[in-house]
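All of the numbers you see were taken from the coordinates with simple rules; none came from a lab. The structure displayed is predicted, hence computed values, not measured ones. Note that each Cβ is placed from the backbone with ideal geometry, even for glycine, and that neighbours are counted across all protein chains shown.
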Amino acid sequence: MIRLLLTYCFLIISTALLAQAEVLIEDIVITGNKKTRDRVILRELTFKKGESIPQEKLQAEIDQSQKNVLNTNLFVKAEINVKDWSDEQSLVLTIEVVENWYLYPYPIFELADRNFNVWWQEQNHSFKRVNYGIRVSYLNPTGNADKLKLTIQDGYTKKYELDYFVPGLNKAQTLGFFANVFFARRKEIAYITSENKLLFDGFEEQFQLSRFRIGGGLSYRPGLYVYHSAKLIYSDNTISDRIAFDLNPEYFLNGKNNQKQFTLQYIGTIDKRDIKPFPLNGYLLSLDVKKEGLGISDDVNSLTTKFKYANYHSFNAKYSLESILILKTNLLRGKQPYTHLNSMGYGEDTMNGYELYVIDGQDFGMLKTSFRYAFLEKNFQLGKLMPIKRMREMPVKAYFSVNNDIGFVHTSFYDHYGDLDNQFLWGGGIGLNLVMFYDKVFLIEYSMNQLGEKGVFLDFSLTF
């Protein structure tokens, strides 16, 4: 009995000592980064050279660091391996990366409508509602993970835009700077909402809307997963007299044909998603506070807050669950211009089954859930069919999804724009999700809503 107890105690002590054993990261060797500076990659690691890590946590730290490097979108491949572990106390790690294609001069051929489904079903897939031109995205021009984008666009909307962002200005790589200048005009605009559908008006010989915007700001990243940004923006927008006086005097309010405003915006984010373009584990928490109208111009006086929480959980290698909660409210309860009522139906704020609708209001909330099953994961060799050598290996993942969304839009002043506000909404369906090259996502969904409407809808997300 005593011998048994001594053996048991020895096992407990040995296990505890092994759990407390640490290994020293003696060196970190990076290869494959012909342009990206080493410090940009080292910034994404959960450990540093000269740091000791418990042996039992080493693999988890390596796996997480590898995902962090990939999430920069600077690389199509990143692998972290142990090169030299000659004893149990120290080791050398190697980071092998394959850099992404950084210069994307690609033609613009995109739809002017909110999404493909609106263009196809409601605008009779008219090619008059297409934008064309050229967009140059230059990622990592200085090797510091900076981004430069230039857009020259014609067609439905004539647009010119220059955007630049550089992170890691200081030695600690916590401060960044960004700037943007934008000008656009079009001969047709959505001037009002009726029955939760946008109505358009335009003339071939006259521009109905012109927009100018210039702004800049600072970003702050104190940790790997925490981001802050603050920006100051000046906007000057003009519409035709026909829109302002005849068709919708509420467009800028009080029959105005010009709207000038300064905007101060803060965005705070905690992002612990494993794979940002298509997460399977982790969460995202963000708060967006925007004050439009700073007392310099009285054209707009709005203070909005938008909260988002997204949670991703994998039950095993095949099954996962996505849950997204979005809440938005205007803290100033006075009547706002029509331009400041965007709620559901724009961008990510769209429920399954309501792709063809817009629901305008002061406040809204939605909960989107998607239960996903992974049925394909394969690397396709494109060979010489792909002229870019580093992209000749195309990883593809495919998921089947079951979607269920609920939402609510509140409005006090604009209930005559449709009858879908001030009531609970439901939409859902099934979908096929394709993920290619890690960050190119295509969605094909069969959706339905509480109105009894059904349809097939397409969506896609391309990261450049």
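Extending 7 Å from Cα along the Cβ direction at Asn254 and again at Phe400 yields two label points whose distance is 5.9 nm.
Take 295-304, 143-152, 63-72 and order them by the average number of nearby Cβ atoms within 10 Å per residue, most first; the result is 63-72, 143-152, 295-304. The stretch 143-158 and the stretch 261-306 have Cα centres spaced 22 Å apart. Of the chymotrypsin sites (Phe, Trp or Tyr not before Pro) in the stretch 402-447, not one is in a loop by DSSP (not H, G, I, E or B) with at most 10 other beta carbons within 10 Å. Here the contact order of the chain, divided by its residue count and restricted to Cα pairs under 8 Å and six or more residues apart, works out to 9 percent.
Considering only DSSP states other than H, G, I, E and B, which GluC sites (Glu not before Pro) in the stretch 362-448 qualify as loop sites with at most 13 other Cβ atoms within 10 Å? Listed in order of number, the matching sites amount to none. Among residues other than Phe183 with Cβ under 9 Å from its Cβ, the summed charge is +4 (Lys and Arg +1, Asp and Glu -1).
With a Förster radius of 45 Å applied to the C-beta separation of Leu294 and Ile108, the computed FRET efficiency comes to 0.85. Taking Cβ atoms as reference points and 9 Å as the exclusive limit, the residues near Leu382 contribute a net charge of +1, counting Lys and Arg as +1 and Asp and Glu as -1. Considering only Phe364, Asn342, Val226, the residue lying farthest towards the positive end of the dipole of the chain is Val226, judged by Cα position with unit charges set on Cβ. Counting other Cβ atoms within 10 Å of each Cβ, which GluC sites (Glu not before Pro) in the stretch 253-361 have at most 12 and sit in a DSSP loop? Within the stretch 253-361, the qualifying GluC sites (Glu not before Pro) (loop, at most 12 other Cβ atoms within 10 Å) are Glu348.
The residues packed around Asp415, meaning those with a beta-carbon under 10 Å from its beta-carbon, carry a net charge of -3 if Lys and Arg are +1 and Asp and Glu are -1.
Quick one: of Lys34/Lys306; Lys187/Lys276; Lys308/Lys440, which pairs are farther than 31 Å apart, Cα to Cα? Pairs exceeding the cut-off: Lys34/Lys306; Lys187/Lys276. Let's test the formula: R0 of 51 Å, r as the Cβ-Cβ distance of Ala60 and His410. What FRET efficiency results, to the nearest 0.05? Here the calculated transfer efficiency is 0.70. Please determine, in degrees from 0 to 90 and to the nearest 10, the orientation of helix 2-20 with respect to the longest principal axis defined by the Cα atoms of the chain, where the helix direction is its Cα long axis. Around 50 degrees separate the two axes.
With Cα atoms as the point set, the radius of gyration and Dmax of the chain evaluate to 25.9, 100 Å. Subtracting the Cα-Cα distance of Asn379 and Asp236 from their residue separation scaled by 0.36 nm leaves 46.6 nm.
Applying 0.36 nm per residue to the separation of Leu458 and Trp85 and subtracting their alpha-carbon distance, the gain on full extension is 129.3 nm. For the stretch 67-80, 3J(HN,Hα) computed residue by residue from phi via the Karplus equation (6.51, -1.76, 1.60; θ = phi - 60°) reads 5, 4, 5, 5, 5, 6, 6, 8, 9, 8, 8, 8, 10, 10 Hz, glycine and proline entered as x. If you find the alpha carbon centre of the stretch 375-447 and of the stretch 201-249, how far apart are they in angstrom? If we compute the Cα centre of each part, the gap is 27 Å.
Our estimate of slack between Asp419 and Leu303, defined as 0.36 nm per intervening residue step minus the Cα-Cα distance, is 39.2 nm. From the Kirkwood radius over Cα pairs of the stretch 379-436, Stokes-Einstein at 10 °C and 1.306 mPa s returns a whole-number translational diffusion coefficient of 102 µm²/s.
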